[in-house]
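Worksheet: one structure, shown below.
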Amino acid sequence: MDQNIISIQNVTKRYPMGDREFTALKNINLEFKKGEFGGFVGPSGSGKTTLLNIIGSLDSPTEGKAIVMGKRISELSHKESALLRNLHIGFVFQVYNLLPIYTVYENVEFALLLQDNTKQERKKAVMEALEWVGLQDMADKKPSKLSGGEGQRVAIARAMVKRPQIVLADEPSANLDAKNAHGILQTMKQLNKELNTTFLFATHDEKVMEYLDRIIHLEDGQVAEDEIVTAKRTLTNSK
Amino acid sequence: MKLSLILAFRNLLGAGLRTWLNVGVLSFAFVVIIFYRGMIDGWNQQARRDSIAWEYGHGHLLHADYDPTDPFSVQDGHGILPRNQQQHLSPILLRQATVYPQGRMVPVVLKGIDVNQNTLAFPTRMLSGSTADIPAMVGTRMAKSLQLKQGEELLLRWRDKNGTFDAANITIAGIFDTDVSAVDNGQIWISIEKLWTMTNLQGHATFFVADGGYQPQEIDGWKFKSQKELLQSLDSIIQSKNIGGSIMYLLLLAIALLAIFDTQVLSIFRRQREIGTYISLGMTRWQVVGLFTTEGTMYSLLATIVGCIYGIPLLFFMANTGIAMPEATQDMGVSVAGTIYPVYGAGLIISTIVLVVISATIVSFLPARKIANMDPVNALKGKLQ
């Protein structure tokens, strides 16, 4: 857990908004090590999703450096950033973003189609990923036939199937009831432990925060507090 | 590319009715274009074949004073060609005359033809086999317009070479059926030897029809028009028909392509989240552009398959039974058979498929290229306008 895989250095992000500019992130400095289970917490507009998008190379900083897996995001071409996402980054979205006309199997398989895997390798990996999330019996179902919790599990399987180094989850529990939210968070926590995948969340959900080992509080685009909660939780539990 | 094909195929099948509506319209355009072009090609081939067989042979050697487009040149546009220069040539002599069927007076062109010729398809044995004093043959159109029947006698008045009027009864020895109205309407065919005698124009011809063995040469007082030159007017008529037809089928194709374009524009707007998801999963923007373009192209490929399923039996049936042409088209001045058999060549089918596939690819690419400039973050939120 001592290897830095994400380094955010003096990152500022500004968006044009009419005639003016809106500053979403102000001079952010953060480091993440491999295997962390952390999250950005804060109210709407605090910059959580923007930071997640920059780490996921879907966006780039206006100023500063965002280095992910040794690659500086703002210097990557479209092709290079696509390759980075394809090989090393998995996404879990609030609204799952499953491809509606594909089956569960095909949705999970999609990420592997972009890599040079054989059909047999893909099948093995997809079934393994579905087993992680407990949906191996639903491989032939279409997303429209799934409950919210099942849909989000498919999204997790799709993010995990290529065994990425980093999974970025943007409000993954926002559309789920408490039971399903705990279910998917337990699954992610387990995968984090088993595969040593780095999980980063953007959330304002208390249920998610319960599972995080590191919580970074964002306010108005700035880091208000960066707390390691694993130690506290261990201390509380031992008392 | 393989991935684009797999995904595009999945996406199209997944889109259900929308896909099949587009494919249906496009396949209809396909079949109609092939049918129409096959029809024009069939007509073209038939018209050329019949015009060569009945009128043009392998070319005409025309008297220098004779202009086929000027009826006044018939009077003096004739002459004698030395015997040794008549090899592979069959003489035709034209004279103006008048006939009087059922008390009416009808001006006609009297045409003398060698009864032993084999260059043109005229059944000249009708003339050689008749015992009548002046046996004549007419085409079905002429027979119909003058209400003539085989064996009927008809008063003919003509002028000899000195301009003196003469008249005699001719006998309709036979009625021939041809698709070439240019050798039928307003014409009466008799033996050229008889015509020479009647007009005192012994050995004269207005023009000669060449057979396949004729080698064109410069002959003073005569001009040679090759088969190709003679077919030029027919070619230009067919060309103009082709252009007219092209406008019709391009309009049809445009409607089908507009449906694809519209679907693509709507797709890109409606599937923003999907586009964002593709990019987040590791596709490059141009891969997504390629995917959407391939989807559009696959409409045309599916349309080819669907078009083949119902088009091949339909077009095969049409090619065998032919399309009956209305009677009015017989008087168009260009050879039109009573039934036209469409001809579907490999070139026609391949060029139509290529035209439709390329057009579909272009109209799919035009809206899809916008994806290259899409912000994936906004696409994921579905916020693009």
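Laboratory data are not the source of any read-out in this text; all were calculated from the coordinates shown. Keep in mind that this is a model prediction, so the values were computed, not measured. A quick note on method: Cβ atoms are made from the backbone with ideal geometry, for glycine too, and the neighbour counts reach across all protein chains shown.
Side notes on the structure shown:
- Distance between the C-alpha centres of the stretch A:198-232 and the stretch B:225-244: 82 Å, rounded to the whole angstrom.
- Ranking of B:Asp262, B:Asp211 by count of other Cβ atoms within 10 Å, fewest first: B:Asp262, B:Asp211
- Farthest toward positive dipole pole in the protein assembly as shown [+1 Lys/Arg, -1 Asp/Glu at C-beta], among B:Gly347, B:Leu195, B:Leu94: B:Gly347
- Reciprocal of mean inverse Cα separation for the stretch A:55-203 (Kirkwood radius, Å): 15.7 Å
- Expected 222 nm ellipticity per residue - DSSP helices of 4 or more, -39500 (n - 2.57), all of the protein assembly as shown, to 500: -14500 deg cm²/dmol
- Sparse-neighbour loop sites [trypsin sites (Lys or Arg not before Pro); the stretch A:139-186; at most 16 other C-beta within 10 Å; DSSP]: A:Lys141
- Cα-based helix-to-principal-axis angle, B:2-15 vs chain B, degrees rounded to 10: 90 degrees
- Taking every C-alpha pair closer than 8 Å and separated by at least 6 residues, the mean separation divided by the residue count of the stretch B:59-213 gives a relative contact order of 35 percent.
- Charge dipole (debye, nearest 20) of chain B; +1 at Cβ of Lys and Arg, -1 at Cβ of Asp and Glu: 2160 debye
- Build a GNM of chain A with springs between Cα atoms under 10 Å apart, and of A:Glu109, A:Glu121, A:Glu219 the one that fluctuates most is A:Glu121.
- With at most 16 neighbouring Cβ atoms within 10 Å, loop trypsin sites (Lys or Arg not before Pro) (DSSP) excluded, longest segment of chain B: B:162-382
- Loop-resident GluC sites (Glu not before Pro) (DSSP state other than H, G, I, E or B) in the stretch B:188-239 with no more than 10 further Cβ atoms inside 10 Å of their Cβ: B:Glu218.
- Residues B:Phe269, A:Phe199, B:Phe35, arranged from fewest to most other Cβ atoms within 10 angstrom of their Cβ, appear as B:Phe269, B:Phe35, A:Phe199.
- Among beta bridges identified by DSSP and lying wholly in the stretch B:59-213, the antiparallel ones come to about 75 percent.
- The C-alpha atoms of chain B define a longest principal axis, and helix B:285-321 lies at about 30 degrees to it.
- Sites B:Thr164 and B:Lys144, calculated FRET efficiency, Cβ-Cβ separation with R0 30 Å, nearest 0.05: 0.40
- Normalised contact order of chain A, rounded percent, pairs of Cα under 8 Å and 6 or more residues apart: 27 percent
- Unit charges on C-beta of K, R, D, E only; dipole of the stretch B:59-213, Debye: 260 debye
- Most mobile of B:Gln187, B:Gln232, B:Gln264 in a GNM of chain B (Cα contacts under 10 Å): B:Gln232
- Summary of the geometry: the stretch B:1-40 and the stretch B:106-140, compared by the centres of their Cα atoms, lie 56 Å apart.
- In this label model, B:Gln87 and A:Glu75 are separated by 8.9 nm, measuring between points 7 Å along each Cα→Cβ vector.
- 3J(HN,Hα) along the stretch A:93-110, derived from phi through the Karplus expression 6.51 cos²θ - 1.76 cosθ + 1.60 where θ = phi - 60°, amounts to 9, 4, 9, 6, 6, 7, 7, x, 8, 8, 6, 4, 4, 5, 4, 6, 5, 3 Hz, with x in place of Gly and Pro.
- Between A:Gln120, A:Gln222, A:Met160, the Cα set farthest toward the positive side of the dipole of chain A (charges on each charged residue's Cβ, about the Cα centre) is that of A:Gln120.
- Computed over the stretch B:59-213, the alpha-carbon pair-distance distribution with 10 angstrom bins reads 11, 43, 37, 8, 0, each value a whole percent.
- 5 angstrom amide H check on B:Trp222, placed H, neighbours 5+ away: B:Ala64
- Charge context of B:Leu201, other residues only, Cβ under 10 angstrom, K/R +1, D/E -1: +1
- Listed residues B:Val356, B:His78, B:Pro107: farthest to the positive end of the dipole of chain B (Cβ charges): B:Val356
- Sorting B:Leu257, B:Leu301, B:Leu155 by the number of Cβ atoms found within 10 Å of their own Cβ, with the fewest placed first, yields B:Leu155, B:Leu301, B:Leu257.
- For chain B, relative contact order (Cα pairs under 8 Å, six or more residues apart, normalised by length) works out to 27 percent.
- Between B:Asn84, B:Asn242, B:Asn320, the GNM of chain B built on Cα springs shorter than 10 angstrom shows B:Asn84 fluctuating the most.
- Folded to 0 to 90 degrees: helix B:227-270 orientation relative to chain B principal axis, Cα: 20 degrees
- Under 17 Å from the Cα of B:Lys161 - lysines, other chains or at least 8 residues apart: B:Lys111, B:Lys194
- Sparsely packed loop sites in the stretch A:182-211 (the trypsin sites (Lys or Arg not before Pro) outside DSSP H, G, I, E and B with at most 10 other Cβ atoms within 10 Å) do not occur.
- Separation between Cα centres of the stretch A:86-129 and the stretch B:281-306, rounded to whole Å: 20 Å
- Structure note, pairs A:Lys33/A:Lys179; A:Lys33/A:Lys189; A:Lys34/A:Lys189: Cα-Cα distances above 21 angstrom occur for A:Lys33/A:Lys179.
- Inverse mean reciprocal Cα-Cα distance (Kirkwood Rh) of the protein assembly as shown, Å: 31.4 Å
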